[in-house]
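The values are calculated or read from the model by the stated rules, or taken from the named source; none is laboratory data. No experiment lies behind these values; they were computed from the predicted model shown. Please note: Cβ atoms are built from the backbone with ideal geometry, for glycine as well, and neighbour counts cover all protein chains shown. Note: accessible area is taken over every heavy atom of the protein model, side chains too, but ligands, DNA and RNA are not part of it. Shrake-Rupley method; radii C 1.70, N 1.55, O 1.52, S 1.80 Å.
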Amino acid sequence: AICKNKLNANGLLLVDNTLWSGKVLHPTHSGDQETQGIQKFNSMVKEDPEFDSFLLPLRDWITMIRLK
């Protein structure tokens, strides 16, 4: 939400480690605060209708987020 206010229309935000070595995909790691934070961030981006997002297969994956 803080970054969203600073982006222009079609502005890009790149976020590293959004798959967190695959931990965000497994509910067994849900007790881990770092994993929970990344899961919450990923859900927020996915559910926001003002964002388009794409996963880029670089290192531990990077999410490219564009403000519509």
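Worth pointing out:
- Residues of region 1-55 classified as under 17 Å from residue 68 (Cβ atoms), within 13 Å of the chain's Cα centre (by Cα) and of a type in the set (Gly, Ala, Ser), total: 2
- Restricting attention to region 1-27, the residues that are part of a helix (DSSP H, G or I), open to solvent by 80 Å² or more (accessible area, probe 1.4 Å) and at positive phi add up to 1.
- The test for being touching a residue at least 12 places away in the same chain (Cβ under 8 Å) and of a type in the set (Gly, Ala, Ser) holds for residue 53.
- Residue within region 26-47 that is of a type in the set (Asp, Glu) and at pLDDT 95 or above present: yes
- Scope region 28-65; condition open to solvent by 70 Å² or more (accessible area, probe 1.4 Å) and in a strand (DSSP E or B); matching residues: 54, 55
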